[in-house]
Each structure stands twice: as structure tokens, then as C-alpha cells.
Amino acid sequence: MNPESDAAAGLDRNKQLMRLMTQHQRRIFGYIYTLVPDRHDAEDILQETSVVVCEKFEQFKPGTDFVAWACQIAYWEVRRARQKYARAKVVFDQEVVDAVAQTAAEMIPEVSARHEALGQCLQKLHARDRELVLTRYEPGSGVELAAQRSGRSLEAAYKALGRIRKLLHDCVTNQLSLEGAV
């Protein structure tokens with residue numbers, strides 16, 4: 001092998017890692033957050049998991065399920081963190097954590113399909129409605145800010161959000177049934 005092709009392969013592998021991490025970070029975080037009751041702890045564990053994923057990425061086999069692989073790493077990071085947080089007031093029994101981890105891992109394909117369908121359904125909304133929903137669910141935002149940004153009264157924003165949620169629910173359900181995912 002020549003050093004130039006090794007360097008190019010390494011660069012491609014780094015690009016692949018960055019693409020996979022960017023694409024799936026929310027799902028990995030969601031998995032961790034189901035196992036850890038505190039959002040800040042979950043964010044810390046996500047960071048630790050990301051470091052380990054980067055360190056072990058050469059062991060990942062392209063074409064296999066990256067999310068499942070990364071969630072397995074996350075599971076061990078959660079276990080490690082639980083030992084560190086053992087003095088906290090609320091600590092779940094390891095059997096409970098294992099059961100939740102198993103259930104969360106089994107739900108990854110369904111959650112991924114729902115997430116994909118929701119993204120498609122959001123794109124079908126009128127721009128004003130889509131902006132209302134996205135603003136409402138921004139971290140640190142709420143209905144008041146969403147109403148203000150959309151130029152609606154608070155009451156009108158609540159009514160619109162109820163209507164939009166029903167539209168999105170029906171759209172996602174329909175999309176998943178068409179794809180055979182439900």
C-alpha cells in the first residue's frame with residue numbers, strides 16, 4: 001500500500017464518521033436519555049459516547065447498523081456513569097436499566113421510521129404552521145414565543161397547535177401504514 005492511498009482512505013473514513021455521527025446523534029441521545037433521568041447527565045454521557053465512538057470507529061463495519069453499534073457503546077457509557085452517580089438520590093436497579101435499554105434498542109427502527117415520517121409530514125404543512133410548530137418545540141421556547149413570532153394571539157396559537165398536531169399525527173400514521181411500518 002502506498003502512504004497517499006492510506007491517507008485518502010483515512011480521510012474518507014473520517015468523513016464517514018462525521019456524517020454518521022451528525023445524522024444519528026439525536027437518536028443516540030434519545031436512547032441515552034431513556035436510560036438517564038437527567039438531561040444534563042445524558043448530554044455528558046453523549047459526549048463520552050461520541051469520544052469512544054471516534055476512538056473505536058475503525059472497529060465499525062460499514063454497511064452494518066451504526067445506530068445499534070453506537071447505542072451499544074452508549075449503554076456501556078451509561079453503566080460506567082451510573083457507578084459515578086451512585087450517590088445520587090434516584091438510582092435505578094441495574095436490572096431496570098437493562099430492561100429499559102433492551103426496550104429502547106428494540107424501538108430504534110420504529111422511532112427512526114416515525115422520525116422520518118414526521119420530517120416528511122412537516123414539509124407538507126403550510127410554512128406558517130410549520131414555523132409555529134418548530135418554534136414551539138425549540139429548546140427554551142414555548143407557546144407564548146411561538147404565538148408572538150407567528151403573529152397569533154395566545155388562544156389562536158393553542159388552537160392552531162392542536163389542529164396541527166392532529167394533522168401531523170394523522171399524516172405520520174398514514175405514512176407508516178403505507179410503508180407497512182405500523
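The values are calculated or read from the model by the stated rules, or taken from the named source; none is laboratory data. Quick caveat, the model's predicted, so the values are computed rather than measured. Note that each Cβ is placed from the backbone with ideal geometry, even for glycine, and that neighbours are counted across all protein chains shown. Quick note on the areas: whole protein, heavy atoms, side chains included, nothing else; ligands and nucleic acids left out. Shrake-Rupley method; radii C 1.70, N 1.55, O 1.52, S 1.80 Å.
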Mind checking which residues of segment 31-67 are within 13 Å of the chain's Cα centre (by Cα), closer than 16 Å to A99 by Cα and either open to solvent by 30 Å² or more (accessible area, probe 1.4 Å) or not aliphatic (A, V, I, L, M) (or both)?
-> Y31, Y33, T34
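Between Q120, Q102, Q94, which is touching a helix residue (DSSP H, G or I) at 6+ places or on another chain (Cβ under 8 Å), among the polar types (S, T, N, Q) and either at pLDDT 85 or above or closer than 20 Å to R27 by Cβ (or both)? Even if it seems obvious, please write down each step before you answer.
Values: Q102 fails: touching a helix residue (DSSP H, G or I) at 6+ places or on another chain (Cβ under 8 Å); Q94 fails: either at pLDDT 85 or above or closer than 20 Å to R27 by Cβ (or both).
Just one listed residue meets the conditions, Q120.
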Single residue of E179, E155 found to be in contact (Cβ under 8 Å) with a residue 60 or more places away in the chain, over 19 Å from the mean Cα position of the chain (by Cα) and farther than 25 Å from S50 by Cα | E179
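If you scan segment 128-161, which residues turn out to be aromatic (F, W, Y), at pLDDT 90 or above and either buried (at least 16 other Cβ atoms within 10 Å of the Cβ) or under 17 Å from L118 (Cβ atoms) (or both)? Write out each step before concluding.
Taking segment 128-161 first, the residues aromatic (F, W, Y) are 137, 158.
Among the residues that remain, those that are also at pLDDT 90 or above are: 158.
Of everything in segment 128-161, nothing turns out to be aromatic (F, W, Y), at pLDDT 90 or above and either buried (at least 16 other Cβ atoms within 10 Å of the Cβ) or under 17 Å from L118 (Cβ atoms) (or both).
Inspect segment 165-176 for any residue being loosely packed, with under 12 Cβ neighbours inside 10 Å and either under 24 Å from the mean Cα position of the chain (by Cα) or under 22 Å from V111 (Cα atoms) (or both) and give the result as yes or no. Let's see the steps before the verdict.
Restricting attention to segment 165-176, the residues satisfying the condition of being loosely packed, with under 12 Cβ neighbours inside 10 Å are 166, 170.
Of the ones still in play, those that are also either under 24 Å from the mean Cα position of the chain (by Cα) or under 22 Å from V111 (Cα atoms) (or both) are 166, 170.
Within segment 165-176, one or more residues are loosely packed, with under 12 Cβ neighbours inside 10 Å and either under 24 Å from the mean Cα position of the chain (by Cα) or under 22 Å from V111 (Cα atoms) (or both).
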Residue list for segment 45-64, restricted to those being outside any helix (DSSP H, G or I) and in contact with a helix residue (DSSP H, G or I) (Cβ under 8 Å, 6 or more places away or on another chain) = F60, P62
